[in-house]
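Visitor: Below is one structure. I have some questions about it.
The values are calculated or read from the model by the stated rules, or taken from the named source; none is laboratory data. Nothing here was measured: the structure is a model prediction, and the numbers come from that model. Because the Cβ atoms are built from the backbone with ideal geometry, glycine has one as well, and the counts that use them run over all protein chains shown.
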Amino acid sequence: MNEHAIRDVVIVGGGTAGWMAAAAFSRFLNNGHTRITLVESEEIGTIGVGEATIPPLVSFNQMLGINENDFLRETAGTFKLGIEFVDWGKLGDRYFHPFGSHGHDLQGVHFHQLYLRERQRQALPPIADWSMSAVAAAAGKFGRPSPEAQSPIRELLYAFHFDAGLYARFLRRYAEGNGVTRIEGKVQDVTLRPADGHVAAVTLADGRQVAGDLFIDCSGFRGLLIEEALETGYEPWGQWLPCDRAVAVPSALTGEPDPFTRATAHAAGWQWRIPLQHRMGNGLVYASAFLDDDAAERALLGRLEGAALAEPRRLSFTTGRRRECWSRNVVALGLSSGFIEPLESTSIHFIQSGIARLIALFPDKRFNPVERTEYNRQMRELYEDVRDFVILHYKATERSDSPFWDRCRTMAVPESLQRKMDLFRAKGRVFRDSMELFATTSWVAVAFGQHLWPDSHEPAVDALDEDRVAAAMAQMHQGYAQVAQQLPSHGAFLRQTALSPLAAAPAPVPAPASNELPRFSFESDVPFAGSMGSPV
């Protein structure tokens, strides 16, 4: 064995972040000499104000060898095809941000460019009508896509809604079954090595010490290791993302769960609606400078579709990122690394992406600075890319009915976002830099949905015959509608796959039988739009 190899990985904190890390490490670092220990306290609890994801989580579960039906059953999960936005561009608006793509490109020309030109010739329905995921969602339908399918069903892309607490419990069974050791206890102190300032061990309230070579900070907003011990620093983004509070409450379902989430803009923020098998997740994200906490709670409770099932939970946060997600021998995951409000479901994806990058750049005890620097560069770019996309939702609005929206509409935005908006306004161009999470479909869905229309289209569109393009678009439109009508309803599909409320004593989650590891990729291999999720 390499004398410099990491022997002990210590994860501080459980919840979604901690147990995702433990499960992935138990699968991909199962080399016979690396021990994985997770320290958490039942007293502290976890944050979970919503339960939704984006498509790369499908791959994450697959790489762990998790059966999808088992996962949905044990987490009370449902399928998700995208997100419906209400009242964002202006009051009365409604548009859909789908997973997957809009239509088909023709001769190298993006579909949305064809749409722009055809829109000048005739009135067209929303561009979402050319998305398999969006059309199925609008009809309340769902079906698992097959790559071999000879119909538009193969273009349907999906993610999940689930109970984040149950997901953490599910992954805990998986990780412990794969050799991870869990220690119950509250961290009382952190010991640093005098020579280099690295974390040597954490001391629990009962005096026990847990030593390690590499520490994963999953302690939430507090940042017990990355901030309190190492004083890494935090870069706030409140000047662009003014919401700093949330209140959440579950409610009873009043019908079958929809296969999409909904984000409804209000006078000082927005409200989420996330359907699970057993309840509806609801929450209001708002700016405390424009709405007080009691008024926010009353507003949320007054807009529930079903009876509240618990007392509302309040949450305060500061949007931004840790200046370094990896400092010395500590890597922060989840809320310890940063937070961008849950408008586009990126909280769980940040965890997944951080895990994937750490496995790709996994250090030894020498902690080569080039690995740490590269990890921090990639995570910084991911955070900033997502930040800009979320800011777009606030900036690209015509609303002037409240001081909050006046502030959002008139604020200066980061240069990186302004450049993209200017390029889009000119001829509808979208350029995906590096490993950006959100692809062309995402930018087009939000821009068109919120009335950010380009002045023109790309000149290459005019080289294509107008009548043939119109005929092709009509054929696509008809094909998506026909396939959607043939799919079962979302509720029927859940029943067909034997999904039911949680069993009282779920069986252990088995680790994959095969020793052949799939490639652990950073992002989805197909473009997708974002969705709403939780700061868990």
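Matching residues to (1) part of a loop (DSSP other than H, G, I, E, B); (2) crowded, with 22+ Cβ neighbours inside 10 Å; (3) touching a helix residue (DSSP H, G or I) at 6+ places or on another chain (Cβ under 6 Å):
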residue	(1), (2), (3)
K90	yes, no, no
S101	yes, yes, yes
H112	no, yes, yes
R117	no, no, yes
P125	yes, no, no
A128	no, yes, yes
A136	no, yes, yes
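Visitor: Using the structure shown, decide if L157 is outside the structural domain of E40 (by TED's automatic domain parsing), crowded, with 22+ Cβ neighbours inside 10 Å and closer than 29 Å to G334 by Cα.
Guide: The answer is yes for L157.
Visitor: Could you tell me which numbered condition A175 fails, if it satisfies all but one of (1) of a type outside the set (S, T, N, Q); (2) part of a helix (DSSP H, G or I); (3) loosely packed, with under 14 Cβ neighbours inside 10 Å?
Guide: Here A175 meets the rest and fails (3).
Visitor: Can you find even one residue in segment 413-428 that is within 19 Å of the chain's Cα centre (by Cα), in a loop (DSSP other than H, G, I, E, B) and either without any contact (Cβ under 8 Å) to a residue 12 or more places away in the chain or crowded, with 20+ Cβ neighbours inside 10 Å (or both)?
Guide: no
Visitor: Further question: Look at L204 and say whether it is surrounded by 14 or more Cβ atoms within 10 Å (Cβ to Cβ) and closer than 18 Å to N329 by Cα.
Guide: The answer is no for L204.
Visitor: Report whether or not F448 is of a type outside the set (A, V, I, L, M) and closer than 13 Å to Y95 by Cβ.
Guide: Considered against the rule, which asks whether it is of a type outside the set (A, V, I, L, M) and closer than 13 Å to Y95 by Cβ, F448 comes out as yes.
Visitor: Can you pull out every residue in segment 310-342 that is assigned to a loop (DSSP other than H, G, I, E, B) and within 21 Å of R273 (Cβ to Cβ)?
Guide: Within segment 310-342, A310, E311, P312, F317, I340, E341 qualify.
Visitor: Only one of G306, G207 is at positive phi, modelled with pLDDT of 95 or more and of a type outside the set (A, V, I, L, M, F, W, C). Can you tell me which?
Guide: From the options G306, G207, the qualifying one is G207.
Visitor: Further question on the same structure: Report the residue count in segment 206-242 for those that are over 25 Å from L29 (Cα atoms) and without any contact (Cβ under 8 Å) to a residue 24 or more places away in the chain.
Guide: Final tally of qualifying residues: 3.
Visitor: Is it true that some residue in segment 140-155 is assigned to a strand (DSSP E or B) and within 26 Å of the chain's Cα centre (by Cα)?
Guide: Yes; the residues of segment 140-155 include at least one that is assigned to a strand (DSSP E or B) and within 26 Å of the chain's Cα centre (by Cα).
Visitor: Against the definition (of a type in the set (D, E, K, R), surrounded by fewer than 20 Cβ atoms within 10 Å (Cβ to Cβ), in a loop (DSSP other than H, G, I, E, B) and in the same structural domain as S337 (by TED's automatic domain parsing)), how does D364 come out, yes or no?
Guide: Considered against the rule, which asks whether it is of a type in the set (D, E, K, R), surrounded by fewer than 20 Cβ atoms within 10 Å (Cβ to Cβ), in a loop (DSSP other than H, G, I, E, B) and in the same structural domain as S337 (by TED's automatic domain parsing), D364 comes out as yes.
Visitor: Regarding A332, is this residue in contact with a Leu (Cβ under 6 Å, 6 or more places away or on another chain) and buried (at least 24 other Cβ atoms within 10 Å of the Cβ)?
Guide: Here the answer is no, as A332 does not meet what is asked.
Visitor: When residues of segment 373-399 are filtered for being over 22 Å from P236 (Cα atoms) and buried (at least 19 other Cβ atoms within 10 Å of the Cβ), how many remain?
Guide: The qualifying residues number 2.
Visitor: Restricting segment 290-309 to residues that are in a loop (DSSP other than H, G, I, E, B) and touching a Pro at 6+ places or on another chain (Cβ under 7 Å), which is surrounded by the most Cβ atoms within 10 Å (Cβ to Cβ)?
Guide: Step by step, filter segment 290-309, then rank; the result is F290.
Visitor: Mind checking which residues of segment 459-483 are surrounded by fewer than 19 Cβ atoms within 10 Å (Cβ to Cβ), in contact with a strand residue (DSSP E or B) (Cβ under 9 Å, 6 or more places away or on another chain) and within 25 Å of A426 (Cα to Cα)?
Guide: Those that are surrounded by fewer than 19 Cβ atoms within 10 Å (Cβ to Cβ), in contact with a strand residue (DSSP E or B) (Cβ under 9 Å, 6 or more places away or on another chain) and within 25 Å of A426 (Cα to Cα): A460, A463, L464.
Visitor: Still on this structure, please answer the following. Please find, among R409, R432, the residue that is more than 20 Å from Q113 (Cα to Cα), charged (D, E, K, R) and surrounded by 14 or more Cβ atoms within 10 Å (Cβ to Cβ).
Guide: Residue meeting the stated conditions: R409.
Visitor: Taking Q450 as the residue in question, decide whether it is surrounded by fewer than 17 Cβ atoms within 10 Å (Cβ to Cβ) and at pLDDT 95 or above.
Guide: When the stated conditions are applied, Q450 does not pass them.
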